[in-house]
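The structure under discussion appears below in the form of structure tokens.
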Amino acid sequence: MQIAIASGKGGTGKTTVATNLAAYFSRTGMDVSLIDCDVEEPNAHFFLTPQWKDEKKETVPVPRIDHDKCLGEECRKCIELCRFNALIWMVDAVLEFPELCHGCGLCTIACPASAIEESTRSLGISRVGQKDSISLYSGLLRIGEAMAPPLIKKVKQRALTEHPAPDVRLIDCPPGATCPVVEALEGSDAAILVTEPTPFGLHDLRIAVELLRKMEVPFGVVINRAGMGDDRVHDYLKEENIALLGELPHSMEAASSYSEGKLLIEQVPGYEKVISQIAQNIQNMAKSTR
Ligand code: SF4
Ligand code: SF4
């Protein structure tokens, strides 16, 4: 069962929900895989404090043109096929922009003169750590690397290969509703959207709901810091017939537990019950759609 935890914007408590769910499932004896797909700012490890076991450099293949073999202007097949504009015709030769390349390999296959060789671009690192029965996979994007999706794909592939059949796989998505989130959500049986009861929270929740509906991933909502804002998120969920999976109450204890990098279910009385309800509700949702 693969469950994604997403949010329309950063700072809503997405990682809080993901890590507490992982710890809760682990306590119930389940074999858990948690993939932190927020490769620009991974922080699940602060809460889970895993023992890191292995780190590896991740790269993506990029083309290098052999100008002696290239057929020149009358061909341009690679340029026409690259939908990321990573190859252009400049004066009298094909020019590569490796930073724009997604490593799909199409240009190499399509080149009639075998003029495209393979080079590599560094994406960053992936690593795996262990805490109790939780395997934590995470990535760290190279400084200066503009695209997160290729590294997210690598981290997910690594988790799927090394830990193919956990009892539950949790995906901690990056914030927002753009390509990195789509890449992270791919393959999930159900998703949890974490929001907060404020006008900003509602605005970004609406955008995330549109994305989930487009991707046809069943989802429900968790309200974090419940009680601090207004009722507009509740009203919206009712109007849109969206399941409310649970609410994490706003409290000073919860805020200080978060700032110290501690798990709510270990620190704040009452939160384990809420997390267990969320776990039950999302499992039921994922099972009913399989
Ligand atoms: S497809 Fe190959 S031969 Fe054609 S322009 Fe590109 S590199 Fe040159
Ligand atoms: S590998 Fe794909 S993305 Fe990269 S330059 Fe070739 S066609 Fe474009």
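The values are calculated or read from the model by the stated rules, or taken from the named source; none is laboratory data. Keep in mind that this is a model prediction, so the values were computed, not measured. With ideal geometry, Cβ positions are generated from the backbone for all residues, glycine too; neighbour counts draw on all protein chains shown. For accessibility, only protein heavy atoms count, side chains too; no ligands or nucleic acids. Shrake-Rupley method; radii C 1.70, N 1.55, O 1.52, S 1.80 Å.
Please tell me if TRP89 is under 30 Å from THR16 (Cα atoms) and touching a helix residue (DSSP H, G or I) at 6+ places or on another chain (Cβ under 9 Å). Answer is no for this residue. Evaluated against (1) at pLDDT 95 or above; (2) part of a helix (DSSP H, G or I); (3) within 16 Å of ligand 2 (Cβ to nearest atom), PRO112 falls short on exactly one condition, (2). If you go through the stretch 235-290 and keep only what is aliphatic (A, V, I, L, M), open to solvent by 30 Å² or more (accessible area, probe 1.4 Å) and within 29 Å of THR49 (Cα to Cα), you end up with MET252, ALA255.
Scanning the stretch 166-188 for residues that are surrounded by fewer than 21 Cβ atoms within 10 Å (Cβ to Cβ), part of a loop (DSSP other than H, G, I, E, B) and modelled with pLDDT under 95 yields GLY176, THR178, GLU186, GLY187. Here GLU99, GLU118, GLU80 are screened, and the one residue that is within 27 Å of ILE171 (Cβ to Cβ), within 13 Å of ligand 2 (Cβ to nearest atom) and surrounded by fewer than 20 Cβ atoms within 10 Å (Cβ to Cβ) is GLU99. Looking across the stretch 138-158, the residues that are farther than 21 Å from THR16 by Cα and open to solvent by less than 70 Å² (accessible area, probe 1.4 Å) come down to LEU141, GLY144, GLU145, MET147, ALA148, PRO149, PRO150, LEU151, LYS154, ARG158. Against the conditions (1) within 16 Å of ligand 2 (Cβ to nearest atom); (2) under 29 Å from THR178 (Cα atoms); (3) surrounded by 17 or more Cβ atoms within 10 Å (Cβ to Cβ), LEU48 satisfies every one except (1).
Just one of (1) modelled with pLDDT of 95 or more; (2) in contact with a helix residue (DSSP H, G or I) (Cβ under 6 Å, 6 or more places away or on another chain) fails for PRO42. It is (2). Close contacts from the stretch 182-198, counting a first residue that is of a type in the set (Gly, Ala, Ser) and a second that is in a loop (DSSP other than H, G, I, E, B), with Cβ to Cβ under 6 Å and a gap of 6+ residues or different chains, come to ALA184/CYS37; ALA184/CYS173; SER188/VAL217; ALA190/PRO218; ALA191/VAL217.
VAL94: of a type in the set (Val, Ile, Thr), within 11 Å of ligand 1 (Cβ to nearest atom), buried (at least 16 other Cβ atoms within 10 Å of the Cβ) and assigned to a strand (DSSP E or B), yes or no? Here the answer is yes, as VAL94 does meet what is asked.
In summary, VAL60 fulfils each of the numbered conditions (1) over 20 Å from the mean Cα position of the chain (by Cα); (2) over 30 Å from ASP204 (Cα atoms); (3) within 14 Å of ligand 2 (Cβ to nearest atom) with the single exception of condition (1). Here is a check on your reading of the model: is GLU40 within 14 Å of ligand 1 (Cβ to nearest atom), acidic (Asp, Glu) and open to solvent by 80 Å² or more (accessible area, probe 1.4 Å)? When the stated conditions are applied, GLU40 does not pass them. Pairing residues of the stretch 168-180 that are touching a residue at least 24 places away in the same chain (Cβ under 8 Å) and within 9 Å of LEU34 (Cβ to Cβ) with residues that are in a strand (DSSP E or B) and polar (S, T, N, Q), at Cβ distances under 6 Å and at least 6 apart in sequence or on separate chains, gives ARG169/GLN2; ARG169/SER33. Within the stretch 32-49, the residues that satisfy the criterion of being in a loop (DSSP other than H, G, I, E, B) and closer than 27 Å to GLY144 by Cβ are CYS37, ASP38, VAL39, GLU40, GLU41, PRO42, ASN43. Residues in the stretch 130-175 that are of a type in the set (Lys, Arg) and over 11 Å from the mean Cα position of the chain (by Cα): LYS131, ARG142, LYS154, ARG158, ARG169.
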